[in-house]
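**Student:** Next up is a structure, given as C-alpha cells.
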Amino acid sequence: MSSKTRLCVVGALLPSIVACTAASPDAGSDGKGAAVAKAEVKAEAKTDAKTDVKTDAKADTKADAKADTKADAKADTKADAKADSVAPGTPPPGGARSWHVVAQRKGALAMGQLVDGTVLVLSEAESSIAPPGQGLQPLAPIAGNDRPSAEGVERIVGRWPEQVFVIEGRHDMRAGATWKTWLLAGGGWREDTQTLQGVLVSVVGSATPWRSSSVLVRRTWRVDEQATPGDYADDEAELARAQKAYDAKMKKARAKAKATVTVEGAAAIAPPPSAASMSGELLSFASGELFGGCDGSGQVVRVAADGTTTTELVTALPAEALESAALIGRDASTVVCLRSTATELHTAVFDGKTWTSSQRSETRRLQGASMGGDGAVWAVLAADNGWNDGSGVAPESVLVRLSGGQWSDETPAAIALPGGGSADAIDPMQVVARTDGELWLTAVTPFDEEQGIGAATWVALRTSPADVVRFADAPPP
C-alpha cells in the first residue's frame, strides 16, 4: 500500500474507506489485488479505530480525573473555610460535642460567669478563675473561716477582682429556707447581709454590669425563717404571745422594707430613676439599655439609653406558681426571659421590637441559664428528687439548648475522667455560655449510695481542653 493510500485511510471516517480505496491507482487491476488492498485497508482501519477509542478513553479518563481533583479541592476548601468559621465548642455535623474535665473534686463545686466573661469556680476553701480564652488558674487561699457553702450557691455575679457577689440559699429541715449574700473582695469573704427588725434579711436579688466598670445591684428582702416564733414555746399561751410579737415586728419590717438599686464599683454613673421600681431580674448592656422584670407579673420594663421607659407584658403567672426565672441577653435586640413553674417552662423572646411567648410542659426546675455569642440559650433543668410521674422513676437533670425556636437535649452522654475511667451518666448543675462560643458546665457524677453523698465527684467541664485543677476533697460526711 502506498503512503497516499495510508494517509487516505488514516484521515478518513469508516464510511468513506471504500471510496478512498477505489480511487487509489495502486490498488491493482485484477480482483485479487483489489481484494488484498481492500483487506489491508479494513485491517488498518480496524486497528486505527481501536487505537482512537483507547486514546479517547484515556483522554476522557485524564479529563475526568482532573475534573474530580478540582472538584474535591474546591469542596475541601469550602469545608475548611466552614470549619474555620465555626465557633469553638461547636460539634461537628452529626457528631457529639466534646467535653473536657478541667476541675474535679469529691464534694460540691460552684461556678459562675462574671461581667467580663471570667469564669469563677469555687469550693468552700478554694477558688480558681478562668479569664476569657484561658484555663483555670488557682487563686491564693481566701482568708477567713466564714464563707459560703459551694453546694448552696445559687448565683455568682460581679466583676473580678473588685467585687464578686455569691448568693447562697440553704434549706434546713429545722430552720427552713435561709439566704445569704457574700462579697468576695480584698482577698477575703464578708457577709453582705442586713437584718430588718430581726425578721427580714436583705439579699442581692440580681446584679448586672453597668456602664464600663461597675455593677448594678438590686437588693430585696426575704423572711428570715430562723426568726419564726414559737418553736420552743412551753404552752399555747406562750406560743400566742410569741406569735403576736412576731407579727408586730413583721408588720413594721414590711412597712420599711423596700428594694434598693445601687451602683457599686469604680464608675459613679447613677442608674435611671425607674430602676428602683424594677422587680425580678436585671439585665443591662454596654449601650446603657436596661431591662428589668421577668417575674410572675409578666411585666418587663425596658429603659433605653436616652432614658425612655416602656413596659411590656409577657404571659402573667400566679405569683405562687413561679419557682425560678432568668433574664439573659446578648444585646438589646436579643433578650430572653425564662420562667419555671412546677409543670411548665415559659419562654419569652425579644427581637428588639416585640416579645414572642411560648411554653412547654416541664416538671424540672430552671436552675440556671446563659446565652452564647450566637444567641443560643443554654439552660440546666434540675430534677426534684421527690417527684415522680407514678412510674417511680424521677426525671434526671438535663442540659438543654434553645436555638431557632427549638429545644434540644445536650446533656453529655459520658465523660472521660482524669487518671482513667469514665462517667456514663452525669447530672448537670450550672452552665456558662461565653461569647466566643465556649461552654462550661458543672456536673455531678454517680456516687456509691453506701458511701453517702459526700462520695459524689463533682466536675467542671469545658468544650476546650485545658489542664485539670484538682480541688481538695470535702471532709467525709
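**Student:** Within the stretch 131-152, work out how many residues are assigned to a strand (DSSP E or B) and in contact with a Gly (Cβ under 9 Å, 6 or more places away or on another chain).
**Tutor:** So the count comes out to 1.
**Student:** Given SER284, SER333, which one is among the small types (Gly, Ala, Ser) and either touching a residue at least 60 places away in the same chain (Cβ under 8 Å) or not assigned by TED's automatic domain parsing to the domain that holds GLY404 (or both)?
**Tutor:** Result of the check over SER284, SER333: SER284.
**Student:** Would you please name the residue that is modelled with the lowest pLDDT, looking only at residues in the stretch 217-239 that are outside any helix (DSSP H, G or I), among the charged types (D, E, K, R) and loosely packed, with under 15 Cβ neighbours inside 10 Å?
**Tutor:** Of the residues in the stretch 217-239, the ones outside any helix (DSSP H, G or I) are 217-224, 228-235.
Applying the additional criterion that residues be among the charged types (D, E, K, R) yields 218-219, 222, 224, 231, 234-235.
Adding the requirement that they be loosely packed, with under 15 Cβ neighbours inside 10 Å leaves 231, 234-235.
Numbers: ASP231: 57, ASP234: 70, ASP235: 76.
Among residues in the stretch 217-239 that are outside any helix (DSSP H, G or I), among the charged types (D, E, K, R) and loosely packed, with under 15 Cβ neighbours inside 10 Å, the one modelled with the lowest pLDDT is ASP231.
**Student:** Taking the residues in the stretch 281-318 that are acidic (Asp, Glu) and in a strand (DSSP E or B) as candidates, determine which candidate is surrounded by the fewest Cβ atoms within 10 Å (Cβ to Cβ). Quick ask: steps written out before the conclusion?
**Tutor:** First pass over the stretch 281-318, keeping only residues acidic (Asp, Glu): 281, 289, 295, 306, 312.
Imposing the further condition that a residue be in a strand (DSSP E or B) reduces the set to 281, 312.
Values: GLU281: 23, GLU312: 14.
Within the stretch 281-318, the match that is surrounded by the fewest Cβ atoms within 10 Å (Cβ to Cβ) is GLU312.
**Student:** Another question, then. Looking at this structure, is SER340 in contact with a Lys or Arg (Cβ under 8 Å, 6 or more places away or on another chain), under 21 Å from LEU399 (Cβ atoms), of a type in the set (Ser, Thr, Tyr) and at pLDDT 90 or above?
**Tutor:** It is true that SER340 is in contact with a Lys or Arg (Cβ under 8 Å, 6 or more places away or on another chain), under 21 Å from LEU399 (Cβ atoms), of a type in the set (Ser, Thr, Tyr) and at pLDDT 90 or above.
**Student:** What tally of residues in the stretch 320-362 results from selecting those that are under 17 Å from TRP407 (Cα atoms), polar (S, T, N, Q) and part of a loop (DSSP other than H, G, I, E, B)?
**Tutor:** So the answer is 1.
**Student:** Further, regarding this structure: Please enumerate the residues belonging to the stretch 285-311 that are under 27 Å from GLU344 (Cα atoms) and in contact with a Gly (Cβ under 9 Å, 6 or more places away or on another chain).
**Tutor:** Scanning the stretch 285-311 gives PHE291, GLY292, GLY293, CYS294, ASP295, GLY296, SER297, GLN299, VAL300, VAL301, ARG302, THR311.
**Student:** Of the residues GLY386, GLY375, only one is surrounded by fewer than 21 Cβ atoms within 10 Å (Cβ to Cβ), at pLDDT 90 or above and assigned to a loop (DSSP other than H, G, I, E, B); which? First the steps, then the outcome.
**Tutor:** Numbers: GLY386 fails: at pLDDT 90 or above.
Testing whether each residue is surrounded by fewer than 21 Cβ atoms within 10 Å (Cβ to Cβ), at pLDDT 90 or above and assigned to a loop (DSSP other than H, G, I, E, B) leaves just GLY375.
The values are calculated or read from the model by the stated rules, or taken from the named source; none is laboratory data. Since this is a predicted model, take the numbers as computed values, not measurements. As a convention, Cβ positions derive from the backbone with ideal geometry for all residues, glycine included, and neighbour counts pool all protein chains shown.
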